[in-house]
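Each value in this text was obtained by applying a stated rule to the coordinates, not by laboratory testing. Because the structure is predicted, anything quoted here is derived from the model rather than measured. In this analysis, Cβ positions are derived from the backbone assuming ideal geometry, glycine residues included, and neighbour counts consider all displayed protein chains.
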Ligand SMILES: C[S@@+](CC[C@H](N)C(=O)[O-])C[C@H]1O[C@@H](n2cnc3c(N)ncnc32)[C@H](O)[C@@H]1O
């Protein structure tokens, strides 16, 4: 699918740009009516954007890519492939919508346009200007081009970014569109500009081969929309979901988040247990595209809503000794529509015993404070020792997943048989220790 000929057939004049960018035809214009031009435009959008298969990339750190690949397979997407950048897959835009809606672990989804070879800057300009951007880009959304070059004759990243930006503008100009103010205005406060969004174009030139990818997501996928408050050092929602996935928790046994903070792990657990898509409460960049199909998107969300469980089938408990943290977590959960699925407790986790709530063994997840003083012990290794002793004594038969900034700290838990997962978390290394007690 990724070949150059895909775009050669679209370089025809005469189709109408979206309303926001349409040039006013001169009064003596005897050309097609604006309704005809609108219809022609939509025909092109259907043929080039909606009906075609495209290549996509679900961006995700290597350490989590297998979890994301599994999610895609469960969505019925065939032929997924893990690459350096994430998980590659193909399909129509509907498939991209599904991944944005359903992936609990990916950071964002990119649409890769057909690649081409580039030897000189002029070639980059002309090949880019031949891409039918008017069917992809919303001229009300500011454009941000990010370039990366590796082992290529054209390797000045600033020049590459600038060239691509100019070529996109040229394309709009050549096709009879006014060049959008959103792309040229240094002050981006023009009334036509939708500042909630930025359309990222990622240009990668490697071994003289150029791939341009469009962001389809907008804000990072971990921003589900429910966590508008936190009390300190929250875990990314995507990481929380990945820890649950790595522990093999599927919403089929109880879960205790013993140091819940803003409630991320417990909330993600309910979303998973109730089969709620993590993206159900947010907007996506693809909704801004001229080729967006609101009916299809509504159908996908309606189908997902119809299949959700009305309540969590298992007990999910969130504990924090800090009253304010529990209040914030409850508010976050309420925004996600899952507060009633969680049993909340303001208590020292070291005093909590699962039999008090009649819980059968399940998973305990703990994200201890990073280097801050705890009430029990001013020394973090000491706190991990206390946690380990309490878990071994009170949670026999349970599985545990404990996050730690260093392996040494996690070793202080004193578990004899454990499994490690080392991964980056916003540039900071994180070690998750899994054990069955
Ligand atoms: C790193 S934060 C958890 C962040 C959480 N995963 C999130 O995403 O927001 C650690 C939390 O542990 C709580 N905490 C510390 N010691 C505790 C204890 N002994 N019992 C219960 N909560 C405790 C703190 O109040 C803090 O909210």
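Would you mind telling me which residue in 109, 270, 45 has the biggest mean-square fluctuation in a Gaussian network model of the chain, where springs connect alpha carbons within a distance under 10 angstrom?
Comparing 109, 270, 45 in a Gaussian network model of the chain, the most mobile one is 45.
Within a 10 angstrom radius of the beta carbon, how do 390, 422 rank from fewest other beta carbons to most?
422, 390
Determine the calculated [θ] at 222 nm for the chain from helices alone, applying -39500 (n - 2.57) to every DSSP H run no shorter than 4 residues and normalising by the residue count; nearest 500 deg cm²/dmol.
-9000 deg cm²/dmol
Using only Cα atoms, locate the centre of region 217-288 and the centre of region 42-116, then give the distance between them in Å, rounded to an integer.
Measuring centre to centre over Cα atoms gives 20 Å.
Enter the angle in degrees (range 0 to 90, nearest 10) between the Cα long axis of helix 237-246 and the first principal axis of the Cα atoms of the chain, meaning the one along which they spread out most.
The angle comes out at about 60 degrees.
So what's the angle, to the nearest 10 degrees on a 0 to 90 scale, between helix 380-394 and the longest Cα principal axis of the chain?
70 degrees
Just the number, please: percent antiparallel of the DSSP beta bridges in the chain, rounded to the nearest 5.
Given both bridge residues lie in the chain, the antiparallel proportion sits at roughly 65 percent.
With a cut-off of 8 Å between alpha carbons and a minimum separation of six or more residues, what is the relative contact order of region 296-437 in percent?
Averaging sequence separation for qualifying contacts and normalising by length gives 18 percent for region 296-437.
For region 311-328 and region 376-437, what is the separation of their C-alpha centers, rounded to whole Å?
Between the Cα centres of region 311-328 and region 376-437 lies a distance of 20 Å.
Given labels modelled 7 Å from the Cα in the Cβ direction, how far is it in nm from residue 196 to residue 36?
In this crude spin-label approximation the distance works out to 3.7 nm.
Once both axes come from the Cα atoms, what is the angle between helix 294-307 and the longest principal axis of the chain, in degrees from 0 to 90, rounded to 10?
20 degrees
Taking only C-alpha pairs under 8 Å that are 6+ residues apart, what is the relative contact order of region 205-271 in percent?
The value is 32 percent.
Can you tell me, using C-alpha contacts under 8 Å and at least 6 residues apart, the relative contact order of the chain as a whole percent?
That works out to 13 percent.
Mind sorting 328, 77 by how few other Cβ atoms lie within 10 Å of their own Cβ, fewest first?
The order, fewest Cβ neighbours first, is 77, 328.
Neighbour counts of other C-beta atoms within 10 Å: give me 283, 84 arranged from fewest to most.
Least crowded to most crowded, the residues run 84, 283.
Return the distance in nm (one decimal) between the two label points of a simple spin-label model at residue 298 and residue 357, each offset 7 Å from Cα along Cα→Cβ.
Taking the two extended label points, one gets 3.9 nm.
Which of the peptides 330-341, 410-421, 302-313 is most tightly packed, and how do the rest follow, judged by the mean count of other Cβ atoms within 10 Å per residue?
Ranked by mean Cβ neighbours within 10 Å, highest first: 330-341, 410-421, 302-313.
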